[in-house]
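Quick one: the structure is below, and I'll ask about it shortly.
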Amino acid sequence: MDKLKNFIDANRDAFEEDEMLPEGHLERFEQKLPKPRKNRAALYSCAFAIAASIALLLLFRLPGGTDMPEPVQKTTAQACETQEEIEGLRLYYDMQMNEVLAQMKKLYKQDRTPGAEELLQESKRILTDNYMFEETILPTLPCSDDGLFAMTQHYSNSLGGLRLILKQMRQVTDN
């Protein structure tokens with residue numbers, strides 16, 4: 001460390017000279033930098049929506065998480081009605097999400113613009129999260145209105161995220 005300090009002190013004039021960079025240096029340097037990714041805000045908002053729905057779902061599932069009264073025991077007929085509603089709701093949102101995804105794929109196949117592929121990949125991540133929700137969380141939800149509410153929150157956030165990605169894909173392909 002002392003040798004370095006001595007070298008700097010001995011050659012102070014060389015370190016203090018104001019040498020200008022050659023003409024065009026900054027332009028060449030900026031060309032070598034990676035291009036900034038667009039639409040990061042939309043991806044973050046989709047991730048936030050999914051995280052919020054999962055947090056809400058966990059809030060209702062954890063003991064002591066809410067001060068909601070214990071649900072009244074339902075008869076078998078009432079439980080079956082709620083189960084049919086749950087299945088109908090799941091089917092409805094699956095159809096809506098598949099329709100949005102089909103529109104995205106159609107836009108991507110037409111133009112194949114830069115950025116559209118990344119948006120399509122993000123939409124597939126949302127669908128993967130929905131698959132995991134259906135496989136792991138959905139079977140543990142109570143067969144009641146609370147379960148329907150949690151499902152509606154999750155699926156509406158996912159569908160909203162997909163629609164936002166579709167809107168951004170339309171903007172990317174129009175530009």
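The values are calculated or read from the model by the stated rules, or taken from the named source; none is laboratory data. Keep in mind it's a predicted model, so treat the numbers as computed, not measured. FYI the Cβ positions are ideal-geometry reconstructions off the backbone, even for glycines, and counts take in every protein chain you see.
Hey, could you check the range 132-147 for residues that are of a type outside the set (Asp, Glu) and modelled with pLDDT under 80 and say which is surrounded by the most Cβ atoms within 10 Å (Cβ to Cβ)?
Within the range 132-147, the subset of a type outside the set (Asp, Glu) is 132-133, 136-144, 147.
Now drop any that are not modelled with pLDDT under 80, which leaves 138-139, 141-144, 147.
On the way: Leu138: 17, Pro139: 7, Leu141: 19, Pro142: 15, Cys143: 17, Ser144: 16, Gly147: 22.
Applying the filter and picking the extreme gives Gly147.
Something else now. Assuming Ala150 fulfils every condition listed in (1) of a type in the set (Gly, Ala, Ser); (2) surrounded by 13 or more Cβ atoms within 10 Å (Cβ to Cβ); (3) farther than 13 Å from Ser53 by Cα apart from one, which condition is it?
(3)
Is the range 3-15 home to any residue that is farther than 24 Å from Thr136 by Cβ, in contact with a helix residue (DSSP H, G or I) (Cβ under 8 Å, 6 or more places away or on another chain), of a type in the set (A, V, I, L, M, F, W, C) and modelled with pLDDT of 75 or more?
yes
Okay, residues lined up against (1) more than 18 Å from the chain's Cα centre (by Cα); (2) more than 13 Å from Ile54 (Cβ to Cβ); (3) of a type outside the set (Val, Ile, Thr):
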| residue | (1), (2), (3) |
| --- | --- |
| Tyr108 | yes, yes, yes |
| Leu119 | no, yes, yes |
| Asn157 | no, no, yes |
| Ile165 | no, yes, no |
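Is it true that some residue in the range 144-152 is more than 21 Å from Lys35 (Cα to Cα), part of a helix (DSSP H, G or I), out of contact with any Leu (no Cβ under 9 Å at 6 or more places or on another chain) and acidic (Asp, Glu)?
Scanning the range 144-152, I find at least one residue that is more than 21 Å from Lys35 (Cα to Cα), part of a helix (DSSP H, G or I), out of contact with any Leu (no Cβ under 9 Å at 6 or more places or on another chain) and acidic (Asp, Glu), so the answer is yes.
Which one of these does Asp129 not meet: (1) acidic (Asp, Glu); (2) in contact (Cβ under 8 Å) with a residue 12 or more places away in the chain; (3) exposed (fewer than 13 other Cβ atoms within 10 Å of the Cβ)?
Among (1) acidic (Asp, Glu); (2) in contact (Cβ under 8 Å) with a residue 12 or more places away in the chain; (3) exposed (fewer than 13 other Cβ atoms within 10 Å of the Cβ), Asp129 violates only (3).
Of Ala51, Ala42, Ala150, which residue is under 16 Å from Leu162 (Cα atoms), of a type in the set (A, V, I, L, M, F, W, C), within 20 Å of the chain's Cα centre (by Cα) and at pLDDT 75 or above?
Answer to the check: Ala51.
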